[in-house]
Amino acid sequence: MTESPEDPRHFTKAVTQLGEQRDVVTAAAIFNAQGIKVIDKGVAINKSLYQRLTQHRLAVPLEDSVTSPDAVNGESLKQTALSIMEDVPFFGRLAPDVPSRKLLLNVMETLPLPEAMAFQLTVARDVRPEVYMNLVRTALVAIWLAKSQATMLSRFDLGMAGSAGLLHDIGMLHVDPILLEGTQRLNREQRRQLYSHPLVSTTLVERHHQYSREVIRAVSEHQEYLDGSGYPRNLLGEAMSPLGRVVSLAQVVAAMFSPMRNAPEMQLSVLLRMNTHRYDPTMSMQILTLVQPQLDVLSAAIELLDDPVQLLGEIDAILARLPLDLDKDPSMNASRRDALATVAGHGAKLRRSLAGVGAVPDQLAQLGDSVQDEAVRTELTLLTREACWQLRTLGREARRRWREVPDENYPALLRGWLDDVDALVARLAGPSATDVPEAISSEFPQEASPTEETPAP
């Protein structure tokens, strides 16, 4: 079967898995695109029907034809959100008093949930719980950010923010879950599948009239960044919608609190301070006011690097080589020259971010013996891992913007620079890290901006 941006195979597999756990029944007969009946109404869906469902192109999406009891609804969303706020201190700080908590939970409870979307969320909850919990966390942060932005409330309401946060990654149900484990090298097609998930999410959301154009646009923009380094459209600055900025930041914040992460608040602090060029600065500062890193437990939570100062120096040296002197290369044209200039600009912003947190060689040299202090080493370790991850992203961006040229035909200077980036990333995060798309970096711990050691799956 030819892959498409919305490849139904993985979602169909998840649906049949759900059918092994609870009743999943066809609410209407299922027909293929040629009008031939594939499955009758009232048939129980389970793993035995996977082949029949995937060997046909269905006339309507599968989620429109099936139903299941105890599906996700407003009340269950509210209860999940409440559990998160009670169990995770950071989320409790989003609503420290009864009125603010009541407001957040009421928004969650009243989010529009057409039956097909409720079913997809049910699949996520019961088959892909890591996806589901990330969606609920993102919705909570998005609602809080929208509430805190008085100037933006005239443009959209809290429900729009909650809906965009809740649905931004619904397209992950169409991604092979093995690709999210971060344990294997990915081929071009696998990377394409991961990069396509914002487009798939957008397609799934825009099928329902209950969601406004603002919500649909925000879902499409959740992997965009203000500096133009995001995807799928490399939006820059004002090209991003206000709600898109909310969701872009919210999903990054939410990802930090995966149960598999250590010291999430310290990691979040480092990430936001190192990414002032990517996220709305006002909203980032508002998030930082909630962050309370627990420095006293970091020694047990973070594996410290032996010499983060040296590694930060190596990162700075690699960044200092941009822009590469490629003007005389015969393969260069105006488009490629502009593309690499954009990459160089993003590299310069990363260097400024490192300088802003005191992590460039001249500043580090002033630390002296204090670099042996555990709190200082912890901070430097987290800064090094975040800088390394951003360097990896920069290398991947260079490859994307040079997309029409096979790797072996890169100009020698570019090839050498990319090799140095890959070597440094592999030293810190393992060989597979050079293949994991930025798409997933903000969403799952294995691929998240690794201000900590990548955990085992």
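Could you please let me know if PHE90 is over 30 Å from ILE287 (Cα atoms) and either assigned by TED's automatic domain parsing to the domain that holds ALA142 or touching a strand residue (DSSP E or B) at 6+ places or on another chain (Cβ under 7 Å) (or both)? Answer is no for this residue. Considering the stretch 246-260, the residues that are surrounded by fewer than 24 Cβ atoms within 10 Å (Cβ to Cβ) and closer than 27 Å to SER220 by Cβ include one that is modelled with the lowest pLDDT, namely SER258. Consider the stretch 187-243 and keep the residues that are outside any helix (DSSP H, G or I) and among the hydroxyl-bearing types (Ser, Thr, Tyr). The one that is surrounded by the fewest Cβ atoms within 10 Å (Cβ to Cβ) is SER212. The condition (being farther than 28 Å from LEU166 by Cβ and part of a helix (DSSP H, G or I)) is satisfied by just one residue among LEU82, LEU18, LEU49, LEU53: LEU49.
Annotation: of all residues in the stretch 348-393 being among the hydrophobic types (A, V, I, L, M, F, W, C) and farther than 16 Å from LEU311 by Cβ, the one that is farthest from the chain's Cα centre (by Cα) is ALA375. From the list ALA44, ALA29, ALA33, the one residue that fits, being in contact with a His (Cβ under 8 Å, 6 or more places away or on another chain) and not assigned by TED's automatic domain parsing to the domain that holds ARG128, is ALA33. Selection of the stretch 336-382 for residues being at pLDDT 90 or above and among the basic types (Lys, Arg) yields LYS349, ARG351, ARG352. If only residues of the stretch 384-431 that are within 26 Å of HIS277 (Cα to Cα) and aromatic (Phe, Trp, Tyr) are counted, the one that is modelled with the lowest pLDDT is TRP402.
Considering SER269, SER299, the condition of being under 30 Å from PRO89 (Cα atoms), at pLDDT 85 or above and not aromatic (Phe, Trp, Tyr) is satisfied by SER269 alone.
For the stretch 98-154, a tally of residues being among the aromatic types (Phe, Trp, Tyr) and out of contact with any strand residue (DSSP E or B) (no Cβ under 9 Å at 6 or more places or on another chain) returns 2.
Among the residues of the stretch 228-252, which ones are in contact with a Lys or Arg (Cβ under 7 Å, 6 or more places away or on another chain) and either on the phi > 0 side of the Ramachandran plot or outside the structural domain of LEU158 (by TED's automatic domain parsing) (or both)? Of everything in the stretch 228-252, nothing turns out to be in contact with a Lys or Arg (Cβ under 7 Å, 6 or more places away or on another chain) and either on the phi > 0 side of the Ramachandran plot or outside the structural domain of LEU158 (by TED's automatic domain parsing) (or both). For the structure I just gave you, tell me whether SER65 is modelled with pLDDT of 95 or more, crowded, with 19+ Cβ neighbours inside 10 Å, over 26 Å from the mean Cα position of the chain (by Cα) and small (Gly, Ala, Ser). Criteria met by SER65. Just one of the listed residues (LEU324, LEU319) is in the same structural domain as LYS349 (by TED's automatic domain parsing), touching a Phe, Trp or Tyr at 6+ places or on another chain (Cβ under 7 Å) and either over 27 Å from VAL131 (Cα atoms) or not in a helix (DSSP H, G or I) (or both), namely LEU324. Does LEU135 satisfy being modelled with pLDDT of 95 or more and not in a helix (DSSP H, G or I)? Taking the combined requirement at face value, the residue does not satisfy it.
Being under 25 Å from ARG137 (Cα atoms), free of Cβ contacts under 8 Å to residues at least 60 places away in the same chain, of a type in the set (A, V, I, L, M) and in contact with a helix residue (DSSP H, G or I) (Cβ under 9 Å, 6 or more places away or on another chain) is a property that LEU82 has.
To keep it simple, each residue is scored yes or no on (1) more than 16 Å from the chain's Cα centre (by Cα); (2) part of a helix (DSSP H, G or I).
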| residue | (1), (2) |
| --- | --- |
| VAL247 | no, yes |
| LEU271 | no, yes |
| HIS277 | yes, no |
| MET283 | yes, yes |
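The values are calculated or read from the model by the stated rules, or taken from the named source; none is laboratory data. All figures in this text were calculated on a predicted structure; none of them were measured in a lab. Here Cβ is always computed from backbone atoms with ideal geometry, including for glycine, and neighbour counts include all displayed protein chains.
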